[in-house]
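Q: Right, I'll just put the structure down here and ask away after.
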Amino acid sequence: MRARRSDQQRDYLSDALALLQGWTREGMEIRRTLQLDESQHAALTERMKIVADALQLRPDVRRLDGRTQIRLRTPGSALSPGEVTLAARIEDLYRTIISS
């Protein structure tokens, strides 16, 4: 019974992740690269930290060649509902920031 629940959760997370445009899954992590200027990057990371703290997650955020790279993962664990939730919130924050 437990294996079935785990499979259902994985399917649910895969379906939810598929709805998030631009996010890719590589093994046990999900990634997104965003084209942002310095002020947009600062605004996104500041807001992202608040959401990540509330979800008790630590995203890996890098700035490289004018791009913001985000990686969400829990070392040694499969993708969790919290990581997919954080990805969705980051996407909302990103859309808000670029439309300002």
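The values are calculated or read from the model by the stated rules, or taken from the named source; none is laboratory data. Everything numeric in this text was worked out from a predicted model, so none of it was measured. When we count neighbours, we look across all protein chains shown, and the Cβ atoms used for this are built from the backbone with ideal geometry, even at glycine.
Q: Taking segment 57-77, which residues are over 14 Å from the mean Cα position of the chain (by Cα) and within 19 Å of L20 (Cβ to Cβ)? Outline the logic, then answer.
A: At the first step, the residues of segment 57-77 found to be over 14 Å from the mean Cα position of the chain (by Cα) are 63-67, 75-77.
Listed by number, the list holds a single entry, R67.
Q: Here is a follow-up. Select from segment 52-87 the residues that are assigned to a helix (DSSP H, G or I), in contact (Cβ under 8 Å) with a residue 24 or more places away in the chain and more than 21 Å from D37 (Cα to Cα) and list them in ascending order.
A: Our first condition is that a residue be assigned to a helix (DSSP H, G or I); within segment 52-87, this holds for 52-55, 81-87.
Right, trim to in contact (Cβ under 8 Å) with a residue 24 or more places away in the chain and you get 52, 55, 81-87.
The answer is A52, L55, P81, G82, E83, V84, T85, L86.
Q: Can you give me the number of residues within segment 35-51 that are within 24 Å of L13 (Cβ to Cβ) and either in contact (Cβ under 8 Å) with a residue 40 or more places away in the chain or in a loop (DSSP other than H, G, I, E, B) (or both)?
A: Here is the first cut: in segment 35-51, the ones within 24 Å of L13 (Cβ to Cβ) are 44, 47-51.
If we keep only those that are either in contact (Cβ under 8 Å) with a residue 40 or more places away in the chain or in a loop (DSSP other than H, G, I, E, B) (or both) as well, we get 44, 47-48, 51.
Adding up the residues that qualify gives 4.
Q: Output the residue which, of all residues in segment 20-34 that are at pLDDT below 95 and in a strand (DSSP E or B), is surrounded by the fewest Cβ atoms within 10 Å (Cβ to Cβ).
A: Among those that are at pLDDT below 95 and in a strand (DSSP E or B), it is E26.
Q: Please work out if A54 is surrounded by 11 or more Cβ atoms within 10 Å (Cβ to Cβ) and more than 12 Å from the chain's Cα centre (by Cα). It would help to see each step written out before you state the result.
A: Values: surrounded by 11 or more Cβ atoms within 10 Å (Cβ to Cβ): yes; more than 12 Å from the chain's Cα centre (by Cα): yes.
When the stated conditions are applied, A54 passes them.
Q: Select from segment 52-72 the residues that are touching an Asp or Glu at 6+ places or on another chain (Cβ under 9 Å) and on the phi < 0 side of the Ramachandran plot and list them in ascending order. Don't jump to the end; show me each part of the working.
A: Taking segment 52-72 and keeping what is touching an Asp or Glu at 6+ places or on another chain (Cβ under 9 Å), we get 55, 57, 59-60, 63, 66, 69-72.
Those that are touching an Asp or Glu at 6+ places or on another chain (Cβ under 9 Å) and on the phi < 0 side of the Ramachandran plot: L55, L57, P59, D60, R63, Q69, I70, R71, L72.
Q: Still on this structure, please answer the following. Could we say that R62 is basic (K, R) and exposed (fewer than 12 other Cβ atoms within 10 Å of the Cβ) here?
A: Numbers: basic (K, R): yes; exposed (fewer than 12 other Cβ atoms within 10 Å of the Cβ): yes.
Yes.
Q: Residues L79, L13, L17, L44: which one is at pLDDT 85 or above and of a type in the set (A, V, I, L, M)?
A: Only one candidate qualifies: L44.
Q: Which residue out of A42, A52 is of a type in the set (G, A, S) and touching a helix residue (DSSP H, G or I) at 6+ places or on another chain (Cβ under 9 Å)?
A: Numbers: A42 fails: touching a helix residue (DSSP H, G or I) at 6+ places or on another chain (Cβ under 9 Å).
The conditions single out A52.
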